[in-house]
Amino acid sequence: MTTMKQYKIAVVGATGMVGRMFLRVLEERKLPVSEYFLFASARSAGTTVEFMGKKHTVRELTETAFKDLGVDIALFSAGGGTSKIFAPIVAASGAVVIDNSSTWRMDPDVPLVVPEVNAHTIPQYKNKGIIANPNCSTIQAMVPLKPLSDKYGLKRIIYSTYQAVSGAGMGGYSDLENGLKGEAPKKFPHPIAGNVLPQIDVFLDTGYTKEEQKMVDETRKILGLPNLRVTATTVRVPVFHGHSESINAELEKPFELADIRSLWEHTEGLIVQDNPEKGLYPMPILAADTDPVYVGRLRRDFSVENGINFWCVADNIRKGAATNAVQIAQELIRQWEA
Ligand code: A2P
């Protein structure tokens with residue numbers, strides 16, 4: 001009998017919003033791991049985190065921190081600046097970096113992966129030792145759009161998002177919590193409690209925000225459709241967990257709504273919640289702390305030839321970040337073992 005190789009996994013940013021979820025998802029999914037190493041900034045180095053029934057000491061991420069550890073996979077969620085400097089250093093130590101920041105996503109040498117959609121691009125990590133985890137809003141949209149792209153062809157997509165504060169990390173979460181008690185915001189430019197902010201990330205010269213541009217660029221890269229017509233409006237709403245999206249898609253070919261519903265019912269990672277008469281449709285409150293992507297409110301867009309509107313919700317810290325990254329790690333290990 002052959003025994004499966006045991007891997008060494010590091011989590012960088014282990015004390016952050018996504019980092020903590022990395023640990024929970026790793027606990028749930030039971031990867032073949034012999035040793036875990038947790039990293040954060042000097043601020044939390046030396047503190048301990050309970051994980052896999054053991055106390056782990058958080059280490060400071062430095063240029064030499066990975067030397068001689070023999071780490072196979074490093075999951076990063078410690079901000080773009082940290083990834084830019086440390087992902088290449090950690091990759092040079094022999095680890096494959098799965099990076100949750102936007103830094104490497106559009107690098108043509110770096111695969112941008114949603115495992116249900118384009119796991120076949122994972123081997124491109126060999127170029128730089130880095131795999132990028134897409135933006136949270138993009139990830140959840142890819143799961144229902146990929147089967148539509150394959151069966152009917154996509155002509156144009158319009159995204160309108162309703163994004164939870166947890167997408168902005170611990171700071172975003174605290175702004176809503178404290179804002180509900182009347183305190184002024186620290187992370188967001190305006191109060192988020194009782195408000196809606198039509199700004200996520202910074203504004204670009206085009207008038208779009210960086211978050212909106214990410215959705216456009218990443219959608220094209222993941223679906224392998226560089227000329228796809230895509231546009232987006234991304235909005236922060238006073239919800240703690242779960243991003244919602246209104247997606248309008250124009251398809252190339254005619255369709256029956258029942259066929260799309262059935263296609264989605266057979267799509268991995270996707271759950272159809274679509275019974276408006278009974279008040280059933282996806283909502284962040286139902287999606288929170290679960291891994292699937294939920295779709296519903298499917299209806300025909302009568303203003304164009306082959307158009308649909310639907311509503312799509314997922315837990316942004318799980319499928320939108322940690323779960324997707326851990327799924328990439330699982331797929332990577334599966335490909336190594338094959
Ligand atoms: P720390 O807790 O030591 O500041 P969030 O996005 O939820 O705020 O989390 C950010 C995560 O990234 C935290 O774990 C944070 O660690 C980590 N981090 C921030 N800057 C660095 C850095 N320069 N080196 C390593 N980890 C960092």
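Just so it is clear, none of the values below were taken in a lab; they were calculated from the coordinates. Note that this is a predicted model, so its numbers are computed, not measured. With ideal geometry, Cβ positions are generated from the backbone for all residues, glycine too; neighbour counts draw on all protein chains shown.
So what's the angle, to the nearest 10 degrees on a 0 to 90 scale, between helix 323-337 and the longest Cα principal axis of the chain?
That works out to roughly 70 degrees.
Remind me, what semi-axes does the chain give for its equivalent ellipsoid, largest first in whole Å, using sqrt of 5 times each Cα gyration tensor eigenvalue?
Numbers: eigenvalues 213, 117, 70 Å².
Semi-axis lengths for the chain are 33, 24, 19 Å.
What FRET efficiency comes out for ASP205 versus ASN227 if R0 is 22 angstrom and r is the Cβ-Cβ distance? Round to the nearest 0.05. Don't jump to the answer; show the numbers that get you there.
Values: r = 22 Å, r/R0 = 0.99.
Calculated value: 0.50.
What shape does segment 212-338 take by its C-alpha gyration tensor, where a ≥ b ≥ c are the square roots of the eigenvalues and a/c under 1.5 counts as rounded, a/b above b/c as prolate, and the rest as oblate?
Details: a/c = 1.44, a/b = 1.23, b/c = 1.17.
Taking the square roots of the gyration eigenvalues as a ≥ b ≥ c, segment 212-338 is rounded.
Can you tell me, using C-alpha contacts under 8 Å and at least 6 residues apart, the relative contact order of segment 216-338 as a whole percent? Working shown, then result.
On the way: 171 pairs, mean separation 32.2, N = 123.
For segment 216-338, the relative contact order is 26 percent.
Which of rounded, prolate, oblate describes segment 91-205, given a ≥ b ≥ c as roots of the alpha-carbon gyration tensor eigenvalues and a/c under 1.5 marking rounded, otherwise prolate only if a/b is larger than b/c?
Working: a/c = 2.74, a/b = 1.53, b/c = 1.79.
Oblate, because a/c is 1.5 or more while a/b does not exceed b/c.
Bin by bin, in steps of 5 Å, what percent of the Cα pairs in segment 137-316 do you find, going until the bin that has the longest distance?
Pairs per bin, as whole percents: 1, 8, 16, 19, 19, 15, 10, 6, 3, 1, 0.
Where q = 0.11, 0.12, 0.16 Å⁻¹, what log10 of I(q)/I(0) comes from the Debye formula for segment 1-126, counting one point per Cα?
-0.37, -0.45, -0.81
Do you know the relative contact order of segment 137-316, to the nearest whole percent, from alpha carbon pairs under 8 angstrom that are 6+ apart? Can you show the working numbers first?
Working: 375 pairs, mean separation 50.6, N = 180.
So the answer I get is 28 percent.
For segment 56-126, take every pair of Cα atoms, bin their distances at 10 Å starting from 0, and report each bin as a whole percent.
Spelled out per bin, shortest first, that is 19, 52, 24, 4.
Suppose the chain between MET4 and GLU337 were pulled fully straight at 0.36 nm per residue; how much longer would it get relative to their current alpha carbon spacing? Don't skip to the end; give the middle numbers.
On the way: separation 333, 0.36 × 333 = 119.88 nm, distance 0.81 nm.
Stretched fully, the MET4-GLU337 segment lengthens by 119.1 nm.
So how strong a dipole does segment 5-68 carry about its Cα centre when Lys and Arg Cβ are +1 and Asp and Glu Cβ are -1, to the nearest 20 debye?
About 160 debye.
Could you list the trypsin sites (Lys or Arg not before Pro) in segment 1-67 that lie in coil according to DSSP, counting only those with at most 16 other Cβ atoms within 10 Å of their Cβ? If you can, show how the numbers build up before the last one.
Working: sites: LYS5, LYS8, ARG20, ARG24, ARG29, LYS30, ARG43, LYS54, LYS55, ARG59, LYS67; in loops: LYS5, LYS30, ARG43, LYS67.
When the trypsin sites (Lys or Arg not before Pro) of segment 1-67 are filtered for loop state and at most 16 Cβ neighbours within 10 Å, LYS5, LYS30, ARG43, LYS67 remain.
Taking the Cα atoms of segment 22-89, report the difference between the largest and smallest coordinate on each principal axis, in whole Å and largest first.
That gives 31, 24, 23 Å along the principal axes, largest extent first.
For the chain, what does the relative contact order come out to in percent, with C-alpha contacts under 8 Å and a separation of six or more?
Numbers: 739 pairs, mean separation 56.9, N = 338.
Contact order relative to length: 17 percent.
To make sure I understand the rule: partners must be lysines, Cα under 22 Å from the Cα of LYS319, and not fewer than 8 residues away in the same chain. Which ones qualify?
Here the lysines satisfying the reach criterion relative to LYS319 are LYS30, LYS146, LYS210, LYS214, LYS221.
Label segment 135-191 by shape, choosing from rounded, prolate and oblate, from the square roots a ≥ b ≥ c of the eigenvalues of the Cα gyration tensor; if a/c is under 1.5 it is rounded, and otherwise prolate applies when a/b is larger than b/c, oblate when it is not.
Working: a/c = 4.71, a/b = 3.44, b/c = 1.37.
Judged from the Cα gyration tensor, segment 135-191 comes out prolate (a/c at least 1.5, a/b above b/c).
In nm, give the distance between the simple-model label positions of ASP289 and LYS181, each being 7 Å from the Cα along the Cα-to-Cβ direction.
Here the answer is 2.2 nm between the modelled labels.
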